[in-house]
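The values are calculated or read from the model by the stated rules, or taken from the named source; none is laboratory data. Quantities reported herein were computed from a predicted structural model and do not represent experimental measurements. Every residue, glycine among them, receives a Cβ derived from its backbone with ideal geometry; neighbour counts consider all protein chains shown. Heads up: the accessible areas ignore ligands, DNA and RNA and are worked out on the full protein's heavy atoms, side chains in. Shrake-Rupley method; radii C 1.70, N 1.55, O 1.52, S 1.80 Å.
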Amino acid sequence: MATDYYKVLGVDRKATAEQIKAAYRKLARKLHPDLNPNDNDAKKKFQEINEANEVLSDPATRKNYDEFGDQWKHADQMREAQKQRSQQWQGGATGGGSGFGGSDAFGGAEGYDDMFSSMFSGRGGRQVKFRGPDFQAEVRLDLLSAFKTHKQTLTVNGKQIRITVPAGIEDGQTIKISGHGGPGANGGPHGDLYITFHIDPDPKFQRVGKDLYTTENISLTTAMLGGALTLNTLEGAVKLNVAPETQNNTKVKLKGKGFPIYKKDGHFGDLYVTYNVELPKGLSKEEKELFQQLAELRKTD
């Protein structure tokens with residue numbers, strides 16, 4: 001049964017691009033696999049709305065779909081076949097009144113079916129093979145997952161696919177899995193699967209390319225006198241030595257402690273740590289007296 005992409009998204013055939021976009025986003029939020037982890041029906045519908053949005057959000061593919069329906073993928077071949085049949089009709093029409101007498105240039109519905117059938121056949125009756133459609137999928141990862149190479153199982157078009165996610169994958173990066181798209185026509189090859197990755201923001205670390213940035217709080221006494229502190233990174237704890245008289249917002253670089261570089265084993269960016277000096281609160285009487293003494297000692301003429 002033919003799929004009606006407009007019905008899948010719940011929009012009118014005359015819907016604007018913005019209306020299609022809004023309808024897709026609304027359904028995607030409702031049906032996203034992360035929100036329906038054990039709902040196979042929701043996963044199937046999510047794939048359907050992705051496919052519908054892919055076709056209808058692009059003016060060119062939408063035009064092809066509006067004209068040829070489920071056969072929009074073969075629009076170029078069908079237009080060429082129409083052109084050839086039109087030329088054949090014009091060249092072979094003789095007598096008998098108007099060339100358009102009661103039917104179109106393809107001889108009505110039967111003629112169109114003949115044209116479509118011939119399009120799928122090459123010389124000598126051999127069928128023309130068509131490559132299958134590509135599939136699109138999206139995967140969300142937290143920063144720690146993107147930091148490490150790991151395996152993940154996806155459900156695409158009702159089928160489970162196990163992939164390896166390389167460490168260092170970028171936010172918005174798309175990778176291609178060859179041969180995991182839709183089946184081809186007449187024995188043609190499968191299409192490909194394109195997976196786009198989205199990295200969720202991390203509460204502690206900000207990633208900029210291959211580098212990581214973070215802020216670490218230190219006490220006033222540590223800032224003034226120096227000392228050691230332990231910093232928890234994405235690959236474990238590291239010790240830092242804070243220099244005496246460290247100023248607020250001082251930035252230090254930890255070479256090679258940043259993010260792994262995509263598909264370059266053993267290569268990492270750097271980690272930049274900004275110190276935030278915390279001022280003490282709730283001072284006791286004795287502490288205030290000590291600070292007053294310090295203030296006196298620091299006075300200059």
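One residue stands out among those in segment 122-151 that are at pLDDT below 50 and at negative phi: the one that is most open to solvent (accessible area, probe 1.4 Å), which is ARG123.
Is it the case that some residue within segment 27-47 is at pLDDT 80 or above, of a type in the set (Asp, Glu) and under 17 Å from VAL156 (Cβ atoms)? Scanning segment 27-47, I find at least one residue that is at pLDDT 80 or above, of a type in the set (Asp, Glu) and under 17 Å from VAL156 (Cβ atoms), so the answer is yes.
Scanning segment 186-199 for residues that are touching a strand residue (DSSP E or B) at 6+ places or on another chain (Cβ under 6 Å) and either open to solvent by less than 10 Å² (accessible area, probe 1.4 Å) or part of a loop (DSSP other than H, G, I, E, B) (or both) yields a total of 6.
So is TYR262 open to solvent by less than 80 Å² (accessible area, probe 1.4 Å), in a loop (DSSP other than H, G, I, E, B), under 22 Å from PHE147 (Cβ atoms) and aromatic (Phe, Trp, Tyr) or not? Yes, satisfied. One residue stands out among those in segment 245-273 that are over 13 Å from THR214 (Cα atoms) and among the acidic types (Asp, Glu): the one that is modelled with the lowest pLDDT, which is ASP265. Of all residues in segment 209-259, those that are over 30 Å from THR149 (Cβ atoms) and assigned to a loop (DSSP other than H, G, I, E, B) total 9.
Filtered by the rule that a residue be under 19 Å from the mean Cα position of the chain (by Cα) and open to solvent by 40 Å² or more (accessible area, probe 1.4 Å), segment 34-47 gives ASP34, LEU35, PRO37, LYS43, LYS44, LYS45.
Taking the conditions (1) out of contact with any His (no Cβ under 6 Å at 6 or more places or on another chain); (2) among the hydrophobic types (A, V, I, L, M, F, W, C); (3) modelled with pLDDT under 95 in turn, VAL242 satisfies each one other than (3). Any chance segment 268-284 includes a residue that's surrounded by fewer than 14 Cβ atoms within 10 Å (Cβ to Cβ) and of a type in the set (A, V, I, L, M)? Looking for residues that are surrounded by fewer than 14 Cβ atoms within 10 Å (Cβ to Cβ) and of a type in the set (A, V, I, L, M), one finds at least one in segment 268-284, hence yes.
Taken over segment 201-236, the criterion of being more than 26 Å from PRO280 (Cβ to Cβ) and open to solvent by less than 80 Å² (accessible area, probe 1.4 Å) is satisfied by ASP202, PHE205, ARG207, VAL208, GLY209, ASP211, LEU212, TYR213, THR233, LEU234, GLY236. Taken together, the residues in segment 160-185 that are more than 24 Å from LEU234 (Cα to Cα), open to solvent by 50 Å² or more (accessible area, probe 1.4 Å) and over 15 Å from the mean Cα position of the chain (by Cα) amount to 5.
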